[in-house]
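Presented below is the structure to which this report refers.
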Amino acid sequence: MRKNIIEVKDITKSFTISAKTPGIKGTLRHFFNRKTIEKKVVKNINFEINEGEIVGFLGANGAGKTTILKILCGLLYPSNGYISVAGSRPFERETSFLKKITLIMGQKQQLIWDIPPIDSFYLNASIYGIEKNEAIKRIKDLSEMLEIDSELYLPVRKLSLGQRMKAELLAALIHKPSILFLDEPTLGLDINAQANLRKFLQIYNKQTGATILLTSHYMKDITYLCKRVICIHEGYITYDGKLEKLLTKLSPNKDVSIICKSIKDIENLKKLNLEIKNINDNQITFTVNKLDFKNTLKEILNKFDIEDLHINEPPIDEVIGKILINKK
């Protein structure tokens, strides 16, 4: 039985922000009589994550996803609450804890712009106390998994965005972290680069048993990698559970279009207890609940002479979009 590797209880995070009116007068008034407001960006959240899980965080911009990741990896100190990651308090930033985690942000980079990635890899290996022979082996293994080779010896500025992202991943994983915090890792990548990165993360999770926490606005990242999602809205958790269950909850029905060989079949189909949306000549479109879908379709196929059949579901982006406006 897998144990919890992350525990979060009643965590809140507030920031003190200066507030001023626009213009020169506002600036002078603000200089002599500074006013501040307190803004809560994370509000009493609770969750637990098991070893080896891949969990996706969903929410609109400003919902608090990145703040939560930064608290989990120790970059931010929580205002209140209890947090444990791999048996440590992240904000204490113990060496043993830092060796277990890595943070990858799609909009930031750690590689040095004017030197080849391979030099940064060896630097990272030295920082983590990895012997050179072991570092060479890890670089070789990871570069094979990421399908990146000769690019490691070119200056970072000469690499494409996709190649650079692969190199960033390799640099972040050279110390074999057991927990990966990924904030928009596929940001700006083309379709093929996104697919390759998702495939790599899935393989890495299976081979190492690493726990992965992921934020992304590319829904294919979430649907491909994550069985469980945590939805954040204005600092609150609005949903924590299986992605499949959430999709069923938000989109419980399917649209089915059937082309019959005769008008008579259309008339007989109308006699069934179907929620009909449209009829056009010998084509009928109706809505059916996903729970009744198999039985309804089986009955129709057994009783009627069907020429063609189409099953339509709302695009995943449209369904997930409903999450972004859900309130607690």
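The aspartates and glutamates whose alpha-carbon is closer than 18 Å to the alpha-carbon of LYS140, local same-chain residues fewer than 8 away aside, are ASP119, GLU131, ASP149, GLU151, GLU168.
List the lysines whose Cα sits under 28 Å from the Cα of LYS270, skipping any in the same chain fewer than 8 residues away. Partners found: LYS249, LYS254, LYS261, LYS290, LYS294, LYS298, LYS303.
Between the Cα long axis of helix 117-127 and the first principal axis of the chain there is an angle of about 60°, rounded to the nearest 10.
Please sort by residue number the GluC sites (Glu not before Pro) in segment 76-140 whose DSSP state is loop and whose Cβ has at most 10 other Cβ atoms within 10 Å.
Details: sites: GLU92, GLU94, GLU131, GLU134; in loops: GLU94, GLU131.
Sites meeting the loop and neighbour criteria: GLU131.
Projecting the Cα atoms of THR21, LEU123, THR66 onto the dipole axis of the chain, where Lys and Arg carry +1 and Asp and Glu carry -1 at the beta carbon, places THR21 farthest toward the positive end. Computed from backbone phi with θ = phi - 60° and the Karplus coefficients 6.51, -1.76 and 1.60, the 3J(HN,Hα) list for segment 36-46 is 10, 10, 9, 10, 8, 9, 10, 10, 6, 8, 9 Hz; x is used for glycine and proline. Counting only alpha carbon atoms, the long axis of helix 293-303 and the longest principal axis of the chain meet at about 30°.
Subtracting the Cα-Cα distance of ILE203 and GLU94 from their residue separation scaled by 0.36 nm leaves 36.4 nm.
In order along segment 136-146, the Karplus-derived 3J(HN,Hα) couplings, from 6.51 cos²θ - 1.76 cosθ + 1.60 at θ = phi - 60°, round to 4, 5, 5, 4, 5, 4, 5, 5, 5, 5, 8 Hz, and Gly and Pro are given as x. When both segment 25-62 and segment 126-143 are represented by their alpha-carbon centers, they are found 37 Å apart.
Computed from Cα atoms, the angle from the helix 161-173 axis to the main principal axis of the chain rounds to 60 degrees. With a threshold of 31 Å on the Cα-Cα distance, the over-threshold entries among LYS176/LYS227; LYS13/LYS132; LYS39/LYS245 are LYS13/LYS132; LYS39/LYS245. Each residue of segment 154-243 gets 117 Å³ once the volume of the Cα convex hull is shared out per residue. Taking Lys and Arg as +1 and Asp and Glu as -1, the other residues whose beta-carbon sits under 11 Å from that of ASP183 total +2. Dipole size of segment 1-143 about its Cα centre, with +1 on Lys/Arg Cβ and -1 on Asp/Glu Cβ: approximately 820 debye, rounded to the nearest 20.
Taking 1 over the mean of 1/r across every pair of different Cα atoms in segment 16-130, what Kirkwood radius in Å do you get? Please report the intermediate quantities before stating the final value.
Working: mean 1/r = 0.0555 Å⁻¹.
That comes to 18.0 Å for segment 16-130.
Taking the Cα centre of the chain as origin, sum charge times position over the Cβ atoms of Lys and Arg (+1) and Asp and Glu (-1), and report the length of that vector in debye to the nearest 20.
Values: 50 positive and 38 negative charges, 283 e Å.
Dipole magnitude for the chain comes out near 1360 debye.
Calculated on C-alpha atoms, the gyration radius of segment 174-300 divided by its Kirkwood radius gives an Rg/Rh of 1.17.
Between GLN107 and LYS39, the simple label model (points 7 Å from Cα in the Cβ direction) yields a spacing of 1.3 nm.
The alpha carbons of segment 78-124 stretch over 42, 23, 12 Å along the principal axes, in descending order. Antiparallel beta bridges, as assigned by DSSP with both residues in the chain, represent about 70 percent of the total such bridges.
No value in this document is a laboratory result; all are computed from the given coordinates. Quick caveat, the model's predicted, so the values are computed rather than measured. As a convention, Cβ positions derive from the backbone with ideal geometry for all residues, glycine included, and neighbour counts pool all protein chains shown.
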